[in-house]
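The values are calculated or read from the model by the stated rules, or taken from the named source; none is laboratory data. Please read all numbers here as calculations on a predicted model, not as lab measurements. Heads up, the Cβs are rebuilt from the backbone with ideal geometry, glycines too, and the neighbour counts pull from every protein chain shown. Just so you know, the surface numbers come from the protein's heavy atoms only, side chains and all, with ligands and any DNA or RNA stripped out. Shrake-Rupley method; radii C 1.70, N 1.55, O 1.52, S 1.80 Å.
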Amino acid sequence: MKKYGNIPVTVDGIRFDSIKEARRWGELRLLEKAGEIRGLKRQVRFPLEGRDGPLMFVPSGRAAVYVADFVYEDRRLGWAQVIEDSKGFETPEFKIKRAVLAAQGIEVRLT
């Protein structure tokens, strides 16, 4: 069991952090097969940028990133890119990362 009560699960050889995330993956795969979405990817990294460049962790000096559960293009939105996170609970860390991404013009959809 992970923090916040998530139970990791493996489906079709793919490890997911939660049952909810695995279930959403199955839904998105069906939408992709139906032609409603395209370019479905998992665990896509987005660098977190501030006014003066990449946000860095102190003292490691590592660049901060947000890892999206799913990224795809949605036909119903004119093939706009959708960045999606499957969460049962919005952690304080997620709220901060989401705010930084919003400042970069990137919206994260919660499912």
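Results, tabulated for the structure shown:
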| quantity | calculated |
| --- | --- |
| Theoretical ellipticity at 222 nm over the chain - DSSP helices of four or more residues, -39500 (n - 2.57) apiece, nearest 500 | -8000 deg cm²/dmol |
| Tally of Lys pairs whose C-alpha atoms are under 22 Å apart, taken over the chain, 8 or more apart or cross-chain | 18 |
| Cβ crowding within 10 Å averaged over residues, with 66-78, 84-96 ranked highest first | 66-78, 84-96 |
| Options (1) -0.26; (2) -0.33; (3) -0.38 - which one matches log10 I(q)/I(0) by the Debye sum over Cα atoms at q = 0.10 Å⁻¹ as calculated here | (2) |
| Tilt relative to the chain, helix 92-103 - C-alpha long axis, 0 to 90 degrees, to 10 | 90 degrees |
| Gained length - Glu32 relative to Trp79, 0.36 nm times residue gap less alpha-carbon distance | 15.7 nm |
| Estimated FRET transfer efficiency (Ile19, Glu107; beta-carbon r; R0 25 Å; 0.05) | 0.50 |
| Degrees separating the helix 19-33 axis from the principal Cα axis of the chain, which is the longest one | 60 degrees |
| Within-12-Å neighbourhood charge of Pro47 [Cβ basis; K, R +1; D, E -1] | +2 |
| Dipole magnitude of the chain about its Cα centre (Cβ charges: Lys, Arg +1; Asp, Glu -1), debye to nearest 20 | 200 debye |
| For Ile37, residues with placed amide H under 5 Å, excluding near neighbours | Glu32, Arg75 |
| Sulfur and carbon atoms: percent of accessible area, the chain [1.4 Å] | 54 percent |
| Other-chain or far-sequence residues with amide H under 5 Å of Glu49's (modelled H) | Leu55 |
| Assigned charges on the beta-carbon of Lys, Arg, Asp, Glu; segment 12-59 dipole about Cα centre (debye) | 140 debye |
| Debye, to nearest 20: dipole size of segment 35-75, +1 on Lys, Arg Cβ, -1 on Asp, Glu Cβ | 140 debye |
| Where the chain is the region considered: accessible area per residue in Å², 1.4 Å probe | 65 Å² |
